[in-house]
Amino acid sequence: MRIGKPSLRDSFFGWLGGAASPERSDAQRRTHRIRERMLRELMQGPAGGVSVLARQIALAADAQTLWYFRSELMQALSRRCGEAAAAATLAELTPLFHGLVPASLMPGGAGPRRR
């Protein structure tokens, strides 16, 4: 999992100053909104023990990395406000990832079925 580590391609195109494609810009804006929302939810209560997770979320390179931090966010929110409230928060957060992560990761996605 890459956290905040730019690739050579990113730094090269950043150096050239090339404009990002509209789709990439939209994905970056949406990812930024998800990151802000996750951090806001995390920081609403006592900050004890959440600084590492907050830093990881803040430095996450992409939406898929943020997607995988949802389970840790669920744990932190469950400790603070209970499992039901944490699950409700994640239920509101999950649709924001639509189109940013593979459909197989989304609830009801086309991933392999478990028996």
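The values are calculated or read from the model by the stated rules, or taken from the named source; none is laboratory data. Here the structure is a predicted model, which means the values were calculated and not measured. Neighbour counts are summed over all protein chains in view; Cβ atoms, including those assigned to glycine, are modelled from backbone coordinates with ideal geometry.
Screening the candidates Gly49, Gly45 for the property of being touching a Lys or Arg at 6+ places or on another chain (Cβ under 6 Å) and either at pLDDT 90 or above or not in a helix (DSSP H, G or I) (or both) yields one hit, Gly45. Of the residues making up segment 38-74, those that are polar (S, T, N, Q) and surrounded by 15 or more Cβ atoms within 10 Å (Cβ to Cβ) are Gln56, Gln64, Thr65.
Under the condition of being closer than 10 Å to Glu41 by Cβ and under 11 Å from the mean Cα position of the chain (by Cα), the residues counted in segment 58-89 number 1. Just a yes or no: is a residue in segment 72-87 basic (Lys, Arg) and either under 22 Å from Gln28 (Cα atoms) or modelled with pLDDT of 95 or more (or both)? Checked segment 72-87: no residue is basic (Lys, Arg) and either under 22 Å from Gln28 (Cα atoms) or modelled with pLDDT of 95 or more (or both). For segment 81-97, the set of residues classified as without any contact (Cβ under 8 Å) to a residue 24 or more places away in the chain and either surrounded by 11 or more Cβ atoms within 10 Å (Cβ to Cβ) or of a type in the set (D, E, K, R) (or both) consists of Gly82, Glu83, Ala85, Ala86, Ala87, Ala88, Leu90, Glu92, listed by residue number.
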